[in-house]
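*Asks:* Please find one structure pasted underneath; my questions will follow.
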Amino acid sequence: MSDELLPHGHPTRAPASQRGRTAEVLEHAKALGKQIEVTIDGRAITVPLGTTILESAQQLGIRIPTLCYHQDLCLAGVCRICVVEVEGQRALQASCSYPITAPIHVKTHTPAVRKARRHILDLMLANHYGECYTCNRNGNCELQSLAEEYGVDYFRFGRMEKPRYEIDLSSHALVRDMNKCVLCRRCVRTCIDLQEVGVLEAIDRGNRIKIATFGDKPLSDVVCINCGQCINRCPTGALRANDNTDEVWQAIDDPTKHVVIQTAPSPRAGIGECFGLPPGQPMTFRMNTALRYCGFDKVFDTNFAADLTIIEEGTELLLRLKAAMANDECRMMNDESALQHPERSQSQSIHNSSFINHNFPVPLPQFTSCSPGWVKFAEHFYPEYLDHVSTCKSPQQMFGALLKTFYAEKTGVNPRDIVTVALMPCSAKKFECNRPEMCASGYKDIDYGLTTRELAKMIREVGVDLPNMPKSDFDDPFGTATGSGVIFGVTGGVMESAIRTVFELVTGKKVENLFDHAEVVPVRGFEGIRYAELPIVEVGPVPAIISHLFKDWNWLKGATLKVAVAHGTANAKRVMEDIKAGGKFSECHFIEFMACPGGCLGGGGQPIPTSPEIRAARAKAIYDEDRSYTIRKSHENPALLQVYADFLTDGPCGHRSHKLLHTHYTPRGKYIA
């Protein structure tokens, strides 16, 4: 965004020990004469003042091993695996946190450096309990890889024979096994600095130090939002998603059960990484074949329910705007000046487009509800704003409700025997499907949630090489959905899908008239917060699908729809604080919030590792898939329109859809009793 929103108060809640400690890299350092020459392993490079030794080595293609360092996080310098020799320095230096402020000569792999790294690894392993072959990170563990790289062939300083800590299994989404923790504090920096939730911290001192929650309480009893970002950045198996694959296999192997799976777009853009492919290789239709090979009876596309969400959520937004306008007109009718000049007052009301009237409040801006991590964040930190959150269930839960009702009726399968599985990029989806209110049909909407990593494990278990599987389509009666459903997987995608549909429903014009190829560029990108305005110059007739709710759009003519997008809860917090202060975002009408950096494609269930480059490659795959679809707007999905005609007969936001597709939220607060 052009006028960047600054955080209110201190820019981070991170303690001093967890904040970045390097000198600032000046953007125009070269022009200011702040370029410094550094020599690493005999190779010279000129870098800006404040660049670290590690960053300089990376530019030269010299690999320095790291463990506590992560590209997404501020520096800690606690593991010391990245130590190097700096000429003139008595001791070895941590390259990740050593800012270059003068010309230096560095050696990265001397005998002293290699010996130090070996001993550091030996000391870590001495406090590490567990066997690699029973660990969920076996084969993808940074500690294991470093031990192999540095030739650790026995436990020089002994090893843990008994676990020190009880495994925390309290959460539906995450499992904490602190016996495997190496105290790198990545999870702490992720939770405090990257997400600004603050569930985890290093407590105690010396050999008693450990990573813990407030009061050392289980995860289910603290303000954890289940986003799983700590899992994606943990170098070992200390943090993992709560794995339901055994239960899913049991259902598949039960001949009395009809097991169906829905797949979201982000796992399809990321699962190839689990099979050795570079990031950004979509496996959508090959995965359909692999899932049938695993034994699933039907394979459905979550994008269908994403299209359904757009129709329901877009209609809800229009209803809120209409209610706000009606309240505003009531206020003006009670105002003496408005009675004297009704046409002038009405014109001002419509054209200033600020539908938010604090005397007759309607909950605006409307917030999206697709991200369960964001929803729980709002429940904990902003419970007073829960009426702003759309009542629409997420696509995952909407699909589950339809499968246990519409699909059960259509196929004649008893809903009691239908087992619904959701492949999601998100560990928070596991919590969401276990929320007690998610059973409006009389049955759990979704029985089990699987992460991308868990499904990859299942596919390997049946001996399938996913990249070489033939392609096949999704099953009827839901079929393949639209491009709008696909882009739900990337930050800004829900907003873009909503704009594509709402603009056309209201104006009767093609959105391509405003945005080339229907690509709403202003809400795309990885900036933490984006803002856009959409003028409604003309209005068209009300489409039949929502004609039971609206007579005309004249009340919207000349208005400007103000929208915003935020990804990562640290950015969500900044937007919410701005709204509380009555700032720019309080005048928005619709705001998309995603808990995870980059949106769903950066979710806590996606392949490990994660980085800005990996997330960008996944986003490109999603946008490319969107462009490949013939139908790219939710309201044009023929299968969706048929469901409204056959089952949701009272239309969007009707009685049946409210019962099955909408929900309510729980004000949890952030204080522990």
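*Asks:* Residues in the range 250-267 that are touching a Gly at 6+ places or on another chain (Cβ under 8 Å) and assigned to a loop (DSSP other than H, G, I, E, B): how many?
*Replies:* Total meeting the criteria: 2.
*Asks:* Output the residues belonging to the range 97-146 that are modelled with pLDDT of 95 or more, open to solvent by less than 30 Å² (accessible area, probe 1.4 Å) and among the small types (G, A, S).
*Replies:* S97, A116 - these are the residues of the range 97-146 that are modelled with pLDDT of 95 or more, open to solvent by less than 30 Å² (accessible area, probe 1.4 Å) and among the small types (G, A, S).
*Asks:* Does any residue in the range 474-494 that is farther than 9 Å from N303 by Cβ come within less than 7 Å, Cβ to Cβ, of a residue that is buried (at least 24 other Cβ atoms within 10 Å of the Cβ) and at pLDDT below 95 six or more places away or on a different chain, and which pairs are these?
*Replies:* Correct list of pairs: empty, since none qualify.
*Asks:* Tally up the residues in the range 533-588 that are among the aliphatic types (A, V, I, L, M), more than 23 Å from the chain's Cα centre (by Cα) and not in a loop (DSSP other than H, G, I, E, B), please.
*Replies:* 6
*Asks:* If you don't mind, another one. Quick one: which of T452, T420, T405 is farther than 29 Å from G598 by Cα and in contact (Cβ under 8 Å) with a residue 12 or more places away in the chain?
*Replies:* Checking each option against the conditions leaves just T405.
*Asks:* Can you tell me how many residues within the range 194-214 are more than 14 Å from the chain's Cα centre (by Cα) and more than 28 Å from L123 (Cα to Cα)?
*Replies:* 3
*Asks:* Right, here's the next one. Scanning for something among the basic types (K, R) and open to solvent by less than 10 Å² (accessible area, probe 1.4 Å), does the range 268-276 turn up at least one residue?
*Replies:* Looking for residues that are among the basic types (K, R) and open to solvent by less than 10 Å² (accessible area, probe 1.4 Å), one finds at least one in the range 268-276, hence yes.
*Asks:* Follow-up. Provide a single number: the residues in the range 498-548 that are farther than 23 Å from H567 by Cβ and open to solvent by less than 50 Å² (accessible area, probe 1.4 Å).
*Replies:* The qualifying residues number 11.
*Asks:* Continuing with the same structure: Residues to consider are A147, A112; find the one that is in contact with a strand residue (DSSP E or B) (Cβ under 8 Å, 6 or more places away or on another chain) and part of a helix (DSSP H, G or I).
*Replies:* Details: A147 fails: in contact with a strand residue (DSSP E or B) (Cβ under 8 Å, 6 or more places away or on another chain).
So the residue among A147, A112 that is in contact with a strand residue (DSSP E or B) (Cβ under 8 Å, 6 or more places away or on another chain) and part of a helix (DSSP H, G or I) is A112.
*Asks:* Can you tell me which residue is most open to solvent (accessible area, probe 1.4 Å) among those in the range 582-599 that are small (G, A, S) and under 18 Å from D387 (Cα atoms)? Spell out how you get there, then give the answer.
*Replies:* Going through the range 582-599, the residues small (G, A, S) turn out to be 582-583, 586, 595, 598-599.
Next, from what is left, pick out any that are under 18 Å from D387 (Cα atoms): 582, 586.
On the way: G582: 55, S586: 19 Å².
It comes out as G582.
*Asks:* So, one more: Only residues that are within 29 Å of I231 (Cα to Cα), open to solvent by 10 Å² or more (accessible area, probe 1.4 Å) and either aromatic (F, W, Y) or touching a strand residue (DSSP E or B) at 6+ places or on another chain (Cβ under 9 Å) (or both): list them for the range 455-490, please.
*Replies:* F488, the sole residue that qualifies.
*Asks:* Report yes if F399 is open to solvent by less than 10 Å² (accessible area, probe 1.4 Å), touching a residue at least 24 places away in the same chain (Cβ under 8 Å) and not assigned by TED's automatic domain parsing to the domain that holds A566, otherwise no.
*Replies:* For F399, the condition - open to solvent by less than 10 Å² (accessible area, probe 1.4 Å), touching a residue at least 24 places away in the same chain (Cβ under 8 Å) and not assigned by TED's automatic domain parsing to the domain that holds A566 - is met.
*Asks:* Residue pairs, Cβ under 7 Å, 6 or more apart or interchain, first in the range 172-194 and over 20 Å from P65 (Cα atoms), second of a type in the set (D, E). List them.
*Replies:* V175/D168; R176/D168; V188/E201; L194/D72
*Asks:* Right, another one. Name the single residue that is nearest to L319 (Cα to Cα) among those in the range 624-673 being loosely packed, with under 12 Cβ neighbours inside 10 Å and among the hydrophobic types (A, V, I, L, M, F, W, C).
*Replies:* Here the answer is A645.
*Asks:* Hey, can you tell me all the residues within the range 625-654 that are under 15 Å from F488 (Cβ atoms) and charged (D, E, K, R)?
*Replies:* E625, D626, R632, K633
*Asks:* Follow-up. Given the conditions (1) among the hydroxyl-bearing types (S, T, Y); (2) open to solvent by 60 Å² or more (accessible area, probe 1.4 Å); (3) at pLDDT below 95, report the number of the one that T46 does not fulfil.
*Replies:* It fails just one condition, (3).
The values are calculated or read from the model by the stated rules, or taken from the named source; none is laboratory data. For clarity, every value in this text was computed on a predicted model and none was experimentally measured. Using ideal geometry, Cβ is built from the backbone for each residue, glycine included, and neighbour counts are taken over all protein chains shown. Just the protein is used for accessible areas: all its heavy atoms, side chains included, with ligands, DNA and RNA removed. Shrake-Rupley method; radii C 1.70, N 1.55, O 1.52, S 1.80 Å.
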